[in-house]
Structures are given as structure tokens and as C-alpha cells.
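Asks: Attaching a single structure in C-alpha cells format; questions to follow.
Any read-out appearing in this document is the output of simple, stated calculations on the displayed coordinates, not a laboratory observation. Here the structure is a predicted model, which means the values were calculated and not measured. Cβ sites come from the backbone with ideal geometry, for glycine too, and all protein chains shown count toward neighbours.
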Amino acid sequence: MKLQHALGGLEGLGPVDFEKNVFVEDWEKRIFGIHVALMGLSSSLRDSLPGYDPQAAGTTFRSTWTWADLRKGAEAMNPFDYFKFRYYEKWLGGISAYCVEQGYLSADELAQAAGQLHEGTGTPPSSGGAGIDDQVIRYLREGDSPRRGPATPRFPVGDTVLVADPPHGAHTRLPGYLRGHRGVIQSVAEGNYAYFCSTGGDGLGDPVPVYVVRFEPAEIWGDTAEAGPSPLYAELYEPYLLPATD
Amino acid sequence: MTQQFDYPPDREADSAAKVRALEALLIEKGVITPTTVDKVLGYFESEMTPLNGKKIVARAWVDPAFAELLANDTPAAIAQLDLPQGMAGAEGEHIAAVINQPGVHNLVICTLCSCFPWPVLGLPPYWYKDPTFRARAAREPRTVLTELGVPLDDTTEVRVWDASGHSRWFVVPARPAGTEGWTEEQLAGLVTTESMIGVAIVPPPPIEAGTAR
């Protein structure tokens, strides 16, 4: 099991750093912008509901880059590094490695360009067309809803369910601290929902029903749960749920 | 920020050079243009900011029918307001409001990553993305809220929403006392990003000199 898959409930941590800024270094804005741009140019958007055609916008990008890809990178990190590096440092590492892996640039090119920029020489070249920018902004305005088809729920509101314990893969949307615990279906999503990629034995990918499940803290945390009513609601895909057989 | 690890002295300069190199190469290779990143940033600096959420909250405070619609069909309610185009765009496709009431306080977290309702709240502040917050808020929400300045009594129900699916939740905080007769614009000015995630309440406005009762 990866720490990043079961971060919720980790004990022994110190106070929360209540830093209210979105970015704490100017450079962080650039990697955020690159991430959004690649999402808006992802080849996977050809199958999106708005029917984008990123290639027609003029980009040379031919790969899929979604939240799932960014998350996979963070989930693949050494857990100590996950805590060591700031949020956008993880993004920079993950997105750079991906662009190299996909062949858009080489590690040597990147290191050489960074070295030049570090020394204050070298300037970013200029090229490109407006179609690329328009596509990225259109993606931001119209989004990429994963809703596909009517809901086909197996569980009705009020049913008690058991959270499954599927094999641990490279990527999951199942918060680890909920594995094996019982909750009650609070609401059923109106449609079925796909996921950006297949998560393998974990069960996501094709459109499935989605539920908001209510958990009581004592069920999750046992005797160490805080006093007072504090239900936790998690939105869970149907493959993560089993009937509770009591 | 707290330092638990050793970092090289040129930590930030090194990252800054790396990201500039990455952007420059992506431009050179025709993936993006020299203006793409700036346009993305401009979108979040001028249009998709917490001001949208503040306006939604202020309307809910003055219009009970809107508040009811917001609770039951959040996208339909948001669509009624004069907000920038794209409120149902990226990370706003499935927005859902959770409403604070007497005896009920909502807190939104994302233990797996940092899911956030961009069009309503803009981009997430650092604390929301902090692994320590994400880990602790799931297990000990009352302790975390007390540390962050929201002490709740034991009878108040704390509802914690862990955003692991498609929904992007935000909190409609309680309207503070002492704001009777205020305009929506005045009310919106009181609302904070933190209050719309659930780690702050909206405090009553200070009583101005000369208005003491």
C-alpha cells in the first residue's frame, strides 16, 4: 500500500501550515499553467462531451494528459519525497518526466536549457498559433465532464455498504482509510461516470454508478474517533462498494 | 513554511530555471505557444476567482429561494447569476454546495489529491494541498478546526466531505449577525475563501464608531 493512497487519518503529524497563498513562488504559476495547457490539449478530449479537436488547433501534442496522469506521478513518489517536496515541485517533476517519456523533449535538452536559463542566458523562442491558446481556454470554459449515460445503480439510498479492498495499483480514487469499513448510501449520482483511464484491478474506467457514502467516525477510527457528531462523506465509484452482509 | 528536510540553497532558482526550460522547449516543439501559460493564468486571475463564490454566498444569504435551489441543484442556481462564462467548465462540471446551518458545520477536504471547485473558488490555497491538513482533517476535524480558529461545541455536527469522485463541493457559511439590511455587494466583501471550504466562519462586522447601541 502506498502512503499517498491512505493519507487520510495518518497520525503523528504536527500543526497545519495555514499558508493561504495559492502560489508561494512565482515559478509555480508557470508549471500550473503548463499543466492546464496540456490538459486542454490532451488527445483524450476527442472523446469529451464538448467534442474538442486539439490536433486541429495546431498543437504537436499527441498524448493524453489528464488529472489521472498528474495524480499517478504523485502517487508513484517515494513517500518521504511526497512530504519533502512542495505541491508544485511535485508537479514540475511529474510533468517534466512525462514530457521526456513521451518524447517531446529529452532530459539532456531540458538540463541544457535549464542550465542556460539558470545562468541568465538564453531566451524562450517564439512561435505557435492562436488556435492552441483558444483550445486551452475553451477547455477551461466548457470542461470535460466524465458523466456518461443514465445511472444504473446497484444500491439504493439507505443501504449499508462495505468498502471493498481491491488490489493496490498505480492509481486509485479509493481513499485507503475507508477500505473494509461500512457506510450508508447517502445519495446516488444522477448519471454514470467514467474515469480518465483504466485503473486496472482497482475497477475504474468505464462508466459506473457513483454514490455519496456516509461514514460514522467510530466505524472508521474506532476508539480514537473524536467525540461529537462528525459524519464523513465520501464520493465512491460503485466498483469500490460491496453489499454489507450482516 | 516549516522545514523538516534539507534543501539545496538554490532550491527555488533551480525550479524556476527548470520550469522556464520546460516551457521554452514546449513552445519550441510546437506543443504550446509563447502566450498559452499567460492566458491560462489570466483566466484565473481575472475571471475564475473566489469573487464568484462570494457572490453566490451573498445571494444565498439574501434570497431564501435561491439558497434552496443552491442546496438542491447547485449548477442551476449558479446559472441564474451574472458570473463569467465557464462556471460549469474545468473543475466546475459537477459543483455542489453544502450549507452551514445552526448546529451543522461543513468542511471540504481531498485526501487523495487536491480536488477544488475552480470556477467558484479559484485555485486552492496552499494549506488545502498540505498533506498534513489532508491527513489530519479526515481523522480529527474538530481538533484541526479549533487550531485554525473555528472552535465548535460537541453538539455541533461537523460534516466532512472528502472529494474523491466527480463532485466539487464548496461551503455556504452562515451569515453573520449585524449585517441586516446589507447589500449583496457588502455581504460578499465579508466572505473569505477559507470560509467557503469550511476552515473559517464569517465573523460579524466590527461595529463602527457612532453606531453603538
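Asks: For chain A, take the convex hull of the Cα atoms, compute a quarter of its surface area, and give me that in nm², please.
Replies: The orientation-averaged projected area of the Cα hull of chain A comes to 16.6 nm².
Asks: Pairs B:LYS18/B:LYS129; A:LYS2/B:LYS55; B:LYS39/B:LYS129; A:LYS72/B:LYS39; A:LYS90/B:LYS55; A:LYS72/B:LYS18: which are spaced more than 29 Å apart, C-alpha to C-alpha?
Replies: Cα-Cα > 29 Å for A:LYS2/B:LYS55; A:LYS90/B:LYS55; rest within.
Asks: In whole percent, what relative contact order does the stretch A:1-76 give with Cα contacts below 8 Å and a gap of six or more residues?
Replies: 29
Asks: Any chance you could get the radius of gyration and Dmax over the Cα atoms of the stretch A:137-190, in Å?
Replies: 15.3, 43
Asks: Same structure again: So if each residue of separation counts as 0.36 nm, and I subtract the Cα-Cα distance between A:ARG214 and A:ALA130, what length gain in nm does that give?
Replies: So the extension gain works out to 25.6 nm.
Asks: With springs only between Cα atoms under 10 Å apart, run a GNM on chain A and tell me which of A:ARG214, A:ARG173, A:ARG138 wobbles the most.
Replies: The residue with the greatest mean-square fluctuation here is A:ARG138.
Asks: At a Förster radius of 60 Å, what calculated FRET efficiency corresponds to the Cβ-Cβ distance of A:ASP26 and B:ILE207, to the nearest 0.05?
Replies: 0.90
Asks: Answer with one residue from B:VAL57, A:GLY176, B:THR132: the one whose Cα lies farthest towards the positive end of the charge dipole of the protein assembly as shown, charges on Cβ with Lys, Arg +1 and Asp, Glu -1.
Replies: A:GLY176
Asks: Picking from A:ALA111, A:THR60, B:ASN106, whose Cα lies most toward the positive end of the charge dipole for the protein assembly as shown (charges on Cβ: Lys, Arg +1; Asp, Glu -1)?
Replies: A:THR60
Asks: To continue, here is another question. Might you report the magnitude of the Cβ-based charge dipole of the stretch B:42-91 about its Cα centre, with Lys and Arg at +1 and Asp and Glu at -1, to the nearest 20 debye?
Replies: It works out to roughly 120 debye.
Asks: Taking Cα atoms of the stretch B:1-84, Rg/Rh with Kirkwood Rh, to two decimals?
Replies: 1.24
Asks: In nm, to one decimal, how far is the B:ALA76 label point from the B:VAL104 one, both placed 7 Å along Cα→Cβ?
Replies: Taking the two extended label points, one gets 1.8 nm.
Asks: Counting other beta carbons within 10 Å of each Cβ, put B:LEU112, B:LEU81 in order, fewest first.
Replies: Fewest to most other Cβ atoms nearby, the residues stand as B:LEU81, B:LEU112.
Asks: Explain nothing, just the number: dipole magnitude of the protein assembly as shown about its Cα centre with +1 on each Lys and Arg Cβ and -1 on each Asp and Glu Cβ, in debye rounded to the nearest 20.
Replies: Using only the charged Cβ atoms, the result is roughly 400 debye.
Asks: Can you sort A:MET1, B:MET196, A:MET39 so the residue with the fewest Cβ neighbours within 10 Å comes first?
Replies: Going from least to most buried by this count: A:MET1, A:MET39, B:MET196.
Asks: Just to check, using Stokes-Einstein with a Kirkwood Rh over alpha carbon pairs, what's the diffusion coefficient of the protein assembly as shown at 37 °C and 0.692 mPa s in µm²/s?
Replies: Result for D is 142 µm²/s.
Asks: Then there's this: Given charges of +1 on the Cβ of Lys and Arg and -1 on the Cβ of Asp and Glu, with all other atoms neutral, how large is the dipole of chain B about its Cα centre, in debye to the nearest 20?
Replies: Once rounded to the nearest 20, the dipole reads 200 debye.
Asks: I need B:HIS94, A:HIS168 ordered by Cβ neighbour count within 10 Å, fewest first.
Replies: So the ranking, lowest neighbour count to highest, is A:HIS168, B:HIS94.
Asks: Can you give me the distance in nm between label points at A:LEU49 and A:ARG154, each placed 7 Å from the Cα along the Cα-to-Cβ direction?
Replies: With each label placed 7 Å out from Cα toward Cβ, I get 2.5 nm.
Asks: Mean-square fluctuation check for chain B, GNM, Cα pairs under 10 Å: which of B:ASN106, B:ASN72, B:ASN52 is largest?
Replies: Result for chain B, Cα springs under 10 Å: B:ASN72 fluctuates most.
Asks: To make sure I understand the rule: partners must be aspartates and glutamates, Cα under 12 Å from the Cα of A:LYS20, and not fewer than 8 residues away in the same chain. Which ones qualify?
Replies: B:ASP130, B:GLU194
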